[in-house]
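Nothing in this text is a laboratory measurement; each read-out follows from the coordinates by a stated rule. Nothing here was measured: the structure is a model prediction, and the numbers come from that model. In this analysis, Cβ positions are derived from the backbone assuming ideal geometry, glycine residues included, and neighbour counts consider all displayed protein chains.
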Amino acid sequence: GDLLNQGIFLMTGGSTEPFLTTSVSNEDDGLFHVRGDGQFSASDFYNGGGFVRIVGDGEVRLSQTYTQKNSTVYDRETNEWVEDYSSLTIVNGLLAATTIDILDGTLGGSGSIYGDVNIGDGAELLPGNSPGTLFIDGDLLVNVGASIVLEITDSEVDRLVVTGTITILGDIVFELPDDLGLGFLENLSLADFFFDGPSVAGATAITDFGGFSGASFFATTGNELYSYDVNASGRLVNRQFVSSVSASALATPVPTMTAYGLVLTGLALVLIAARRLRGFSKPE
């Protein structure tokens with residue numbers, strides 16, 4: 001039958017197949033955690049204000065869709081629905097569905113996703129685990145108002161390997177440590193971050209940048225935000241200072257999982273990246 005989780009669901013081994021074949025809802029700060037060699041199967045999955053974490057050899061396989069939205073609560077003082085909990089999905093194992101619709105919140109990790117991925121207005125895609133590679137066997141669509149955040153170090157960068165079509169209509173934000181400098185980024189190109197091919201091992205750098213024609217490009221270093229254009233070779237050019245943000249703004253917490261979720265993730269940097277982006281003021 002259907003499964004509703006509003007607490008903690010932990011699967012460390014074995015398989016639900018063929019016992020669970022209907023819908024799953026993970027809501028209201030619920031933690032849904034599949035690890036070890038756990039194999040969880042269902043028809044569809046709704047993450048509404050919860051935290052889904054798939055790690056190790058853990059797998060979540062769906063015959064239909066994976067949908068993520070932030071949860072809302074009715075505010076009787078303003079007579080409006082307001083966000084209650086933000087949603088987070090970390091895939092360091094395997095997630096398979098016909099489509100993965102991230103309408104709110106964050107999708108991240110260094111695992112494998114099988115299915116078309118849609119990142120909606122206001123949602124974020126954070127590939128890698130400081131840094132790392134996320135594999136998507138399907139198409140990737142990042143809509144207007146959505147963002148991809150890519151971390152850069154002096155030895156490694158976040159990478160996306162996509163077997164299908166890449167269409168970026170939102171923002172691509174490159175995050176650099178304070179001591180690295182924007183010149184390091186400007187010596188790279190989109191081909192250092194985006195790849196195609198049948199697998200991570202068989203991936204090759206993209207050479208066609210047509211899917212990025214609708215994107216906006218930004219870089220953050222320290223407390224400063226810069227905008228860029230991209231030339232025909234995929235290189236970042238025409239740097240422009242946009243804005244800065246105070247240290248207090250960087251420290252402002254994002255509505256997200258409770259403390260037990262952060263302890264289990266070990267991915268505080270992922271949330272910091274999302275937090276930093278929200279702190280900047282970008283031109284409309």
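Available extension along the chain between residue 80 and residue 3 is 24.8 nm, counting 0.36 nm per residue and deducting the alpha carbon span.
Extension gain residue 22-residue 208, at 0.36 nm per residue separation less the Cα-Cα distance, in nm? Numbers along the way, then the final one.
Numbers: separation 186, 0.36 × 186 = 66.96 nm, distance 4.02 nm.
Gain in length upon complete extension: 62.9 nm.
Nearest 0.05, what FRET efficiency do residue 223 and residue 156 give at R0 = 30 Å with Cβ-Cβ as r? Walk me through the numbers on the way to the answer.
Values: r = 23 Å, r/R0 = 0.78.
Once the sixth-power term is evaluated, E becomes 0.80.
Which log10 I(q)/I(0) values does the stretch 39-145 give at q = 0.18 Å⁻¹ under the Debye formula, counting every alpha carbon as one identical point scatterer? Log10 of I(q)/I(0), two decimals: -0.82. A dipole drawn for the stretch 21-132 from +1 and -1 charges on Cβ atoms has a positive end, and of 123, 71, 95 the residue lying farthest that way is 95.
For residue 231 and residue 186 in one chain, what is 0.36 nm times their gap in residues minus the Cα-Cα distance, to one decimal in nm?
Working: separation 45, 0.36 × 45 = 16.20 nm, distance 1.13 nm.
Value of the extension gain: 15.1 nm.
Positive contributions from Lys and Arg (+1) and negative ones from Asp and Glu (-1), summed over other residues with Cβ under 13 Å from the Cβ of residue 2, come out at -2.
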